[in-house]
1. FRET efficiency for Leu507 and Gln55, Cβ-Cβ distance as r, R0 = 51 Å, nearest 0.05?
2. What percent does the relative contact order of the chain come to when contacts are Cα pairs within less than 8 Å and at least six residues apart?
3. Of the listed pairs Lys192/Lys322; Lys192/Lys330; Lys92/Lys486; Lys79/Lys217; Lys432/Lys488; Lys219/Lys322, which have alpha-carbon separations greater than 24 Å here?
4. Please list, or write none, the lysines whose alpha carbon is within less than 17 Å of the alpha carbon of Lys286, excluding same-chain residues fewer than 8 places away.
5. Lys502: which aspartates and glutamates have alpha carbons under 12 Å from its alpha carbon, excluding same-chain residues fewer than 8 sequence positions away?
6. Highest mean first, how do 199-210, 44-55 rank when packing is the count of other Cβ atoms within 10 Å averaged over residues?
7. For Glu404 and Arg285, compute 0.36 nm times the residue count separating them, minus their Cα-Cα distance, and round to one decimal in nm.
8. When N is the residue count of the chain, what does its C-alpha Rg come to as a fraction of 2.2 N^0.38 Å?
Amino acid sequence: MVTTPLRLLHDGLNQPALSSSDKTAIVAEGSEYSYRELQEQSTSLADALATRGIQRGDRVAVYMDNTWPCVVSLFAIAKAGGVFLLINPQTKTDKLAYILNDSEATVLLTDGHLSSVFIAALDSCLAIKAVICSGKLSERITLKSKLTTFSAALLERPLPDNSSTNQPFIKPIIANDLCALIYTSGSTGNPKGVMHTHQSMVFTIGSLVQYLRLSSKDKILNVLPLAFDYGLYQLLMSVWLGATLVLERSFTYPAQILSRISEYQVTVFPGVPTIYALLLASHSRKPLCLPSITRVTNTAAALSPELLPAIKAIFPNALIYKMYGLTECKRVCYLEPELIDTHPSSVGRAIPGTEVYLRNEQGTRIPPGGEGILHVRGPHLMRGYWKQPELSEKMLLDTVIPGEFELCTHDWFRMDNEGLLYFLGRKDDIIKTRGEKVSPIEVENALLSIDGIHEAAVVGIPDPLLGHAIKAFISFNDGFDIPERKLKKLCLSKLENFMLPKEIVTLTTLPKSANGKIDKKRLLDNKD
């Protein structure tokens with residue numbers, strides 16, 4: 001029997017929708033949705049997007065919580081030939097407007113309860129032609145007259161109901177076409193869009209599924225934002241396998257999540273160190289045991305070897321995977337769970353179908369046993385940063401094969417004689433906290449926008465719960481003195497929660513280097 005090759009991201013939905021159409025694809029906040037519903041509703045929405053002018057390669061923004069409409073939206077955009085960009089629902093107005101303008105998104109799919117943020121952002125978004133809203137707008141929101149040019153009637157309309165057809169939506173798309181822009185913090189303070197094709201994402205899904213040893217029988221939990229690629233790929237892997245995804249908005253209510261794990265006999269638990277720290281704190285008060293879990297995965301920040309015994313006690317039947325990756329290629333390496341006791345500090349070897357190696361700063365390859373900058377080769381690499389060719393050239397370097405690139409991570413690693421990798425540190429200043437990347441410049445800009453602040457500098461400091469905590473140093477203009485609590489409240493109006501400084505230290509003046517720049521090394525040595 002001839003089978004149809006799976007080349008596009010949404011091709012993975014076709015087989016389970018036909019062969020296991022009544023199987024539960026998604027459990028969203030306790031409500032179950034089948035593969036048939038996912039196929040039909042995403043096809044219906046894809047048709048609606050095409051009707052509203054979405055062409056091959058057009059960007060479509062999704063600004064939603066982890067909900068069923070968000071899942072439908074992602075597959076609908078891919079089917080329509082568009083390029084989806086998922087935006088964290090914590091994102092505030094200024095950054096939302098920046099991402100919409102930078103991507104030149106023509107349609108925004110969003111949630112009604114976020115209207116106070118997205119309506120304000122639309123004032124400066126000239127490319128947006130339509131807004132499709134899931135749920136009702138807040139009664140306190142008054143539509144601005146300008147929104148009539150954005151098909152304001154669509155704002156009152158939920159995502160489409162079931163279509164009468166279960167046939168895949170056909171658009172002229174090939175595997176080399178762009179599929180997603182995944183925005184991540186940039187060194188300039190503005191997010192940068194990482195470009196991934198259908199081909200790179202389909203390859204990555206296959207590699208992840210292989211080394212995690214997953215099957216259609218698995219039930220995968222996801223409490224991470226779908227805008228975070230670690231969360232996004234939990235959905236993509238689950239659908240590709242024909243498995244079940246148990247989707248929650250966050251890990252804010254651990255007791256509810258634990259109940260859901262028990263109710264649905266979840267088998268895969270992806271987390272970041274912050275989540276594991278919360279579980280361990282609860283475990284220390286009252287022992288936890290989740291025997292249905294057979295896979296535990298961690299990335300975003302290092303999982304301390306000291307935490308492993310307690311994690312094994314909570315998940316007695318689980319294989320534990322330590323991993324390292326970056327948005328530019330999704331995943332770089334993983335440690336086989338059988339090696340976690342003998343090599344607890346390692347993040348392992350390259351994922352299947354890819355290659356990794358170290359180079360010194362002059363570009364010379366370093367053999368096993370040495371230290372250097374990690375480079376990655378494989379089909380999972382990004383196509384570059386959206387509209388940032390100079391930055392792309394710093395990350396994607398020529399290889400000996402004409403037309404091929406390798407990814408320079410700009411992170412320092414050690415490779416032992418067995419070929420196992422050990423993360424040593426980041427070459428740039430990006431702070432990883434709560435499993436998210438934070439640009440210090442973005443936090444500094446938010447602080448400097450507060451009336452009365454003269455100088456601001458932000459650094460990351462080691463934190464056992466967060467991986468790294470954000471610490472800010474400021475100085476005031478003469479006559480100003482704002483309490484730390486009020487400063488944090490003002491910051492929250494401008495920044496996502498995970499970007500909020502844990503501590504804000506006030507100094508008379510910030511130390512400077514010889515060239516007049518703020519000296520962050522001296523700030524890190526500050527004991528006050």
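1. Numbers: r = 53 Å, r/R0 = 1.05.
The computed FRET efficiency comes out at 0.45.
2. Details: 1083 pairs, mean separation 58.0, N = 528.
The normalised contact order for the chain reaches 11 percent.
3. Numbers: Lys192/Lys322 27 Å; Lys192/Lys330 15 Å; Lys92/Lys486 18 Å; Lys79/Lys217 26 Å; Lys432/Lys488 19 Å; Lys219/Lys322 20 Å.
Pairs exceeding 24 Å: Lys192/Lys322; Lys79/Lys217.
4. Cross-link targets: Lys312.
5. Asp463, Glu484
6. Working: 199-210: 21.0, 44-55: 18.6.
The densest-packed peptide leads the list: 199-210, 44-55.
7. Numbers: separation 119, 0.36 × 119 = 42.84 nm, distance 5.32 nm.
37.5 nm is the gain from fully extending Glu404 to Arg285.
8. On the way: Rg = 23.2 Å, N = 528, 2.2 N^0.38 = 23.8 Å.
For the chain, the normalised Cα radius of gyration comes out at 0.97.
No value in this document is a laboratory result; all are computed from the given coordinates. Small disclaimer: the values here were computed from a predicted structure and weren't measured. Heads up, the Cβs are rebuilt from the backbone with ideal geometry, glycines too, and the neighbour counts pull from every protein chain shown.
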